[in-house]
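Please see the structure below; I have some questions.
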Amino acid sequence: MPALVAPGSSALSCPPAAPVHDWMPSSPCGPRCVDVSATAGTVRATARVLGVVALLASFPAVNLATPRGRRTRLHRRYARAALHCCGIRLRIIDEREPARPDTDGADGAPPRAAGEGLLVVAGHVGWTDVLALAAVQPMGFVARGDLIDWPVLGALARLMRVIPIDRERLRQLPEVVATMSARLAAGERVGLFPEGTTWCGRAHGRLRPALFQAAVDTATPVQPIRVRYLDRDGELSTVPGFVGLDTFADSARRVLRSKGVVAEVVLLPIEGPGPDRHDLARRCERAIRGAEVVDIDAHATAVGTGPTRAIVPDAIVEPAVTAS
């Protein structure tokens with residue numbers, strides 16, 4: 001499958017990713033994909049750092065002191081405050097069908113019937129995706145296994161009940177699906193980034209179907225969400241991209257010094273689970289991507305992953321439409 005480029009964006013200059021296990025997701029995006037134009041001054045960047053530190057320090061105690069029934073609203077407010085401290089404005093666009101009377105779709109939250117679980121799926125650019133989605137409606141996330149061991153963020157990940165996954169261990173998948181299924185059956189929201197890795201924001205990978213099995217097994221509806229970042233001119237921004245050899249410190253420094261970045265979160269119509277995870281993944285991918293053109297630059301870009309991985313020359317290809 002090709003690395004797809006978002007409509008209206010320039011072609012990428014991304015080197016091919018290093019070979020990995022055949023089944024393991026990989027991305028060709030690297031430092032050359034990230035373009036930082038406007039940077040905030042030292043005073044503003046310092047104020048942002050202090051704001052983030054204050055939020056991280058206060059959250060555990062405030063969360064503990066807040067009655068359980070009010071924690072969802074608290075988590076949403078903290079996520080929005082964290083985005084603000086990072087210099088990222090939030091824009092929510094609701095393209096769903098009208099909410100039913102028994103839903104809790106106020107304030108941009110995905111609608112659902114009382115006690116009904118919801119699987120939320122989106123493309124993956126970087127760690128700010130979690131904040132952007134939590135700012136719409138807090139949820140547990142399936143995330144990289146080492147996240148819970150990170151300083152500071154690890155404690156927050158545990159509070160958010162992150163479901164860790166080590167994508168180098170194929171045998172762990174059934175355990176992760178079982179954990180997701182239990183939470184969905186209990187009426188919880190679970191967030192998933194099915195690409196399995198991060199991309200720069202101008203290109204993306206295919207949605208892997210494996211973890212969609214949890215929605216199929218529990219007959220849980222799926223909420224596709226399109227997340228993208230724009231600069232002050234309305235063009236796609238790669239600033240939040242957590243790609244290549246980036247460390248968290250590299251990415252955080254770039255985000256905290258950025259200017260004019262907007263996180264655009266588009267709530268798309270909910271998809272029924274159906275009987276087949278492959279079909280469900282394809283339907284969600286079509287919803288998230290919309291109309292696109294594949295524009296591969298002359299520097300040669302990686303196409304597909306694992307055994308289908310190849311290098312292709314400069315080309316413009318119309319994407320195939322898969323029947324559901």
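The values are calculated or read from the model by the stated rules, or taken from the named source; none is laboratory data. Just so it is clear, the structure is predicted and the values come from calculations on it, not from any experiment. Using ideal geometry, Cβ is built from the backbone for each residue, glycine included, and neighbour counts are taken over all protein chains shown. Keep in mind that these areas ignore ligands, DNA and RNA; they rest on the heavy atoms of the full protein, side chains included. Shrake-Rupley method; radii C 1.70, N 1.55, O 1.52, S 1.80 Å.
Among the residues in the range 242-263, are any among the aromatic types (Phe, Trp, Tyr), open to solvent by 40 Å² or more (accessible area, probe 1.4 Å) and within 20 Å of residue 83 (Cβ to Cβ)? Walk me through it before giving the result.
Within the range 242-263, the first condition is being among the aromatic types (Phe, Trp, Tyr), and the residues that meet it are 242, 248.
Checking the rest, the ones that are also open to solvent by 40 Å² or more (accessible area, probe 1.4 Å) come to 248.
Retained after the next criterion (residues that are within 20 Å of residue 83 (Cβ to Cβ)): 248.
Within the range 242-263, one or more residues are among the aromatic types (Phe, Trp, Tyr), open to solvent by 40 Å² or more (accessible area, probe 1.4 Å) and within 20 Å of residue 83 (Cβ to Cβ).
Looking at the range 28-57, which of the residues that are among the hydroxyl-bearing types (Ser, Thr, Tyr) and over 25 Å from the mean Cα position of the chain (by Cα) is farthest from residue 86 (Cα to Cα)? First the steps, then the outcome.
The first filter runs over the range 28-57 and keeps only residues among the hydroxyl-bearing types (Ser, Thr, Tyr), leaving 37, 39, 42, 46.
Still in the list and also over 25 Å from the mean Cα position of the chain (by Cα): 42, 46.
Details: 42: 14, 46: 11 Å.
Here the answer is 42.
Give just the number: which of (1) open to solvent by 20 Å² or more (accessible area, probe 1.4 Å); (2) modelled with pLDDT of 90 or more does residue 166 not satisfy?
Result: residue 166 passes all but (2).
Wholly within the range 150-264, which strands (runs of 3 or more DSSP E) include no fewer than the required count, namely at least 2 residues that are among the basic types (Lys, Arg) and touching a Pro at 6+ places or on another chain (Cβ under 9 Å)? Lay out the reasoning, then the answer.
Values: elements: 163-165, 189-192, 222-230.
Answer list for the range 150-264: none.
Considering only residues of the range 283-297 that are in contact with an Asp or Glu (Cβ under 8 Å, 6 or more places away or on another chain) and at pLDDT 90 or above, which is least open to solvent (accessible area, probe 1.4 Å)? Don't jump to the end; show me each part of the working.
Taking the range 283-297 as the starting set, the residues that turn out to be in contact with an Asp or Glu (Cβ under 8 Å, 6 or more places away or on another chain) are 283-284, 287, 293-294, 296-297.
Filter once more, keeping what is at pLDDT 90 or above: 283-284, 287.
Numbers: 283: 38, 284: 0, 287: 26 Å².
Within the range 283-297, the match that is least open to solvent (accessible area, probe 1.4 Å) is 284.
While we're looking at this one, here's another question. Need the failing condition index for residue 220 against (1) of a type in the set (Ser, Thr, Tyr); (2) over 21 Å from residue 161 (Cα atoms); (3) open to solvent by less than 20 Å² (accessible area, probe 1.4 Å), just the number.
The number of the failed condition is (2).
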